[in-house]
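> Shown below is the structure under consideration.
The values are calculated or read from the model by the stated rules, or taken from the named source; none is laboratory data. Remember, predicted model here, so these are calculated numbers, not experimental data. Cβ placement follows ideal geometry from the backbone for every residue including glycine, while neighbour counts extend to all protein chains displayed. Heavy atoms of the whole protein, side chains included, go into the accessibility calculation; ligands, DNA and RNA do not. Shrake-Rupley method; radii C 1.70, N 1.55, O 1.52, S 1.80 Å.
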Amino acid sequence: MTDVDNFHLINDYWGYEMGTNILNFILKKLELFPQTLFVNRYHSDIFVGIIDITGQDPAVVREKISAYHKQAIREVLESYPLNYMTLNTGVYYLNDTDTPTEEVISHANIARRRAKETSTCVFEYNAELSSTEQKRAETIHSFQNALAKKEFQIYFQPKISGKTQEIASAEVLVRWLREDGTLWFPDSFLPILEETGEIESLDYYVYNAAFQWLADRRENGLPLLPLSLNVSPIHFRKIDTFTQRITQLLDHYQIPSKYLVFEITETTYIHNIDAVNQMIRFFHDRNIRISMDDFGSGYSSLNSLKDILFDEVKIDKHFLSAGLSEKGKIVLEEMFHLLKRTDKWIVCEGVETKEMVDFLIAEGCDELQGFYYYKPMEQKKFEELIA
Ligand code: C2E
Ligand code: CA
Ligand code: CA
């Protein structure tokens, strides 16, 4: 399957008629590819073809397709007033002619989409691609049901006070405990839910579970401690809905504001500065603190530090992940200095060794989070820990 990148731009800019002529031109070119048994427009700017490569080396075929792309593009550019065009092809090698047509098309299509995403002009379908796609499909198709069945659980990762070395608060992290008993980590499904937009309802589910947990403890006369909750970028496109939902939670559960921290990543902030600031004002009106998550992982916000409304800054775990070099220490020291002078509460995540702990505490880190102390744990374990 082959398609033209951003074909709608050609239509928009050069008109529909020219667009159609170009597509017909490409179709003619594809028909002329050696050993082509069949080729046609599949829909819009996507073509489907069958090539007989019996006895040929797939690597050689791939090279041929790639070279043919270049030739076809050159001819289009020579014949039409365009300056730029790219083609993407997904290839599926059909060994067994009994394979259902739907499956063949679907595999070739998946490979074509991957060619587009990775900007490689020819991409071959493979088993790994198949398992990624399967996981995607599984996630998308089972999500709503899983949410209704409460398959999502909140885990807690303690944050330790730099001053007292005691548990000061915890970050709430979601896990998906699937029907078949497997436990899925957020990095494997959140990006997919982010794409589909369904992360929005998952976040509300997590907030609800966290508020409920705090309310239950209060009900039972147990001590509370602050929880940090992650805010996905999607909410900045729907701030009114977000603030309404949070207001409902606050009204319903009546949790004192000092027990809540919302984490917004630096990257989200950089991409939505006005919207994030608007949201921070909403939280500040309610005395709720906001943390800048993964600080230092996006492009530098040093200049914007002076305007940042954040109360807390959470230094990205990658500052510590490679261990502590002398230069790494200098960078952290200066960062701390700057953050202290702008009155930020400093949290470090990804703390894994005693050496890191000693250094961070000496430098005045307010809270530490990481495997050196605890991994994220299920609710029951966390309750036992703080009992
Ligand atoms: P994050 O917000 O940066 O969360 C910290 C992640 O670092 C967690 O991974 C945690 O297990 C891991 N971590 C903690 N200590 C250490 C350490 O010492 N070393 C190393 N190597 N890693 C450590 P987790 O739980 O897999 O979460 C991954 C990401 O998924 C989170 O990164 C966050 O962006 C997102 N996420 C998790 N739960 C939620 C949620 O409920 N809502 C939203 N919107 N995002 C979530
Ligand atoms: Ca976080
Ligand atoms: Ca983080």
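> Once every Cα of the chain carries one equal point scatterer and solvent is ignored, give the base-10 log of I(q)/I(0) from the Debye formula at q = 0.09, 0.11 Å⁻¹, two decimals.
-0.73, -0.92
> Compute, for TRP184, the solvent-accessible surface of its heavy atoms (probe 1.4 Å) with the complete set of protein chains present, and express it in square angstrom to the nearest 10.
For TRP184, solvent-accessible area is about 30 Å².
> Next question. Convex hull over the alpha-carbon atoms of the range 307-387: what's its volume per residue in Å³?
Values: hull volume 9.3 nm³, N = 81.
Expressed per residue, the convex hull around the Cα atoms of the range 307-387 is 115 Å³.
> Relative contact order of the chain: what whole-number percent is it, with Cα pairs under 8 angstrom and at least 6 residues apart? The partial results should precede the final answer.
Details: 511 pairs, mean separation 45.4, N = 387.
About 12 percent, as a whole number.
> Let me ask something else. Are any of the pairs LYS159/LYS317; LYS314/LYS375; LYS327/LYS375 more than 20 Å apart by Cα-Cα distance, and if so, which? Please list the in-between numbers first.
Values: LYS159/LYS317 14 Å; LYS314/LYS375 17 Å; LYS327/LYS375 28 Å.
Pairs exceeding the cut-off: LYS327/LYS375.
> Just by accessible area at a 1.4 angstrom probe, what is the order of LEU338, LEU227 from largest to smallest? If you can, show how the numbers build up before the last one.
On the way: LEU338 75, LEU227 0 Å².
Output order, biggest surface exposure first: LEU338, LEU227.
> Out of all DSSP beta bridges in the chain, what portion is antiparallel? Express it as a percent rounded to 5. Working shown, then result.
Details: 26 of 50 bridges.
Roughly 50 percent of the DSSP beta bridges within the chain come out antiparallel.
> Highest first, please rank the peptides 130-137, 198-205 by the mean number of other Cβ atoms sitting within 10 Å of their residues.
Values: 130-137: 13.1, 198-205: 18.8.
So the peptides 130-137, 198-205, ranked by packing, come out 198-205, 130-137.
> Here is a follow-up. Would you work out which of PRO81, PRO58, LEU260 lies farthest towards the positive end of the dipole of the chain, given +1 charges on the beta-carbon of Lys and Arg and -1 on that of Asp and Glu, about the Cα centre?
The residue sitting most towards the positive pole is LEU260.
> Next question, about the same structure. As an exercise, find the ratio Rg/Rh for the range 133-193 from alpha-carbon atoms, using the Kirkwood inverse-distance average for Rh.
On the way: Rg = 15.2 Å, Rh = 13.2 Å.
With Rg and the Kirkwood Rh in hand, the quotient comes to 1.15.
> Can you sort HIS337, HIS235, HIS284 by 1.4 Å-probe accessible area, starting with the largest? Could the numbers behind the result be given before it?
Details: HIS337 100, HIS235 0, HIS284 65 Å².
If we order HIS337, HIS235, HIS284 from most to least accessible, we get HIS337, HIS284, HIS235.
> Please report the projected area of the range 265-317's Cα convex hull averaged over all directions, in nm². Don't jump to the answer; show the numbers that get you there.
Working: hull surface 13.3 nm².
So the Cα hull casts an average projection of 3.3 nm².
> Relative contact order of the range 116-203: what whole-number percent is it, with Cα pairs under 8 angstrom and at least 6 residues apart? Don't jump to the answer; show the numbers that get you there.
Numbers: 71 pairs, mean separation 19.2, N = 88.
Reported as a whole number, the value is 22 percent.
> Report in % the part of the accessible area of the chain that belongs to carbon and sulfur, leaving out ligands and nucleic acids; probe 1.4 Å.
Values: 10450 of 20430 Å².
Answer for the chain is 51 percent, counting heavy atoms of protein chains only.
> Sequence gap at least 6, Cα distance under 8 Å: using those rules, report the relative contact order of the range 2-125 to the nearest whole percent.
On the way: 140 pairs, mean separation 31.0, N = 124.
Relative contact order, the range 2-125: 25 percent.
> Counting C-alpha atoms alone, how compact is the range 92-190: give Rg to one decimal and Dmax as a whole number, in angstrom.
When restricted to Cα atoms, the range 92-190 yields Rg and Dmax of 20.3, 69 Å.
> Further question on the same structure: In the full protein assembly as shown, how much of ILE10 is accessible to a 1.4 Å probe, in Å² to the nearest 10?
10
> Which of the pairs LYS64/LYS116; LYS135/LYS354; LYS163/LYS381; LYS258/LYS381 have their Cα atoms more than 28 Å apart in this structure?
Values: LYS64/LYS116 19 Å; LYS135/LYS354 38 Å; LYS163/LYS381 24 Å; LYS258/LYS381 23 Å.
LYS135/LYS354, as the Cα separations exceed 28 Å there.
> With point charges of +1 on the Cβ of Lys and Arg and -1 on the Cβ of Asp and Glu, referenced to the Cα centre of the range 93-157, which listed residue (ALA137, ALA127, ILE154) lies farthest in the positive direction of the dipole?
ILE154
> Still on this structure, please answer the following. Please list log₁₀ I(q)/I(0) at q = 0.11, 0.16, 0.19 Å⁻¹ for the range 2-125, using the Debye equation with identical point scatterers on the alpha-carbon positions.
Log10 I(q)/I(0), no solvent term: -0.36, -0.77, -1.08.
> Something else: Across the range 122-133, in residue order, what do the Karplus-derived ³J(HN,Hα) couplings come to in whole Hz, using 6.51 cos²θ - 1.76 cosθ + 1.60 with θ = phi - 60° and x for Gly and Pro?
After applying 6.51 cos²θ - 1.76 cosθ + 1.60, I find 10, 10, 9, 5, 9, 5, 5, 4, 5, 6, 4, 5 Hz.
> Given a Förster distance of 41 angstrom, what is the FRET efficiency for GLU17 paired with ILE273, based on the Cβ-Cβ distance and rounded to 0.05? Could you put the intermediate results ahead of the total?
On the way: r = 43 Å, r/R0 = 1.05.
Given R0 = 41 Å and the Cβ-Cβ separation, E is 0.45.
> Let me check something: with ligands and nucleic acids excluded, how do LYS29, LYS340 order by accessible area (1.4 Å probe), largest to smallest? Working shown, then result.
Numbers: LYS29 20, LYS340 80 Å².
Highest to lowest solvent-accessible surface, that is LYS340, LYS29.
> Also: Run the 1.4 Å probe and let me know the accessible area of ASP240, rounded to the nearest 10 Å².
Probe radius 1.4 Å; accessible area of ASP240 about 100 Å².
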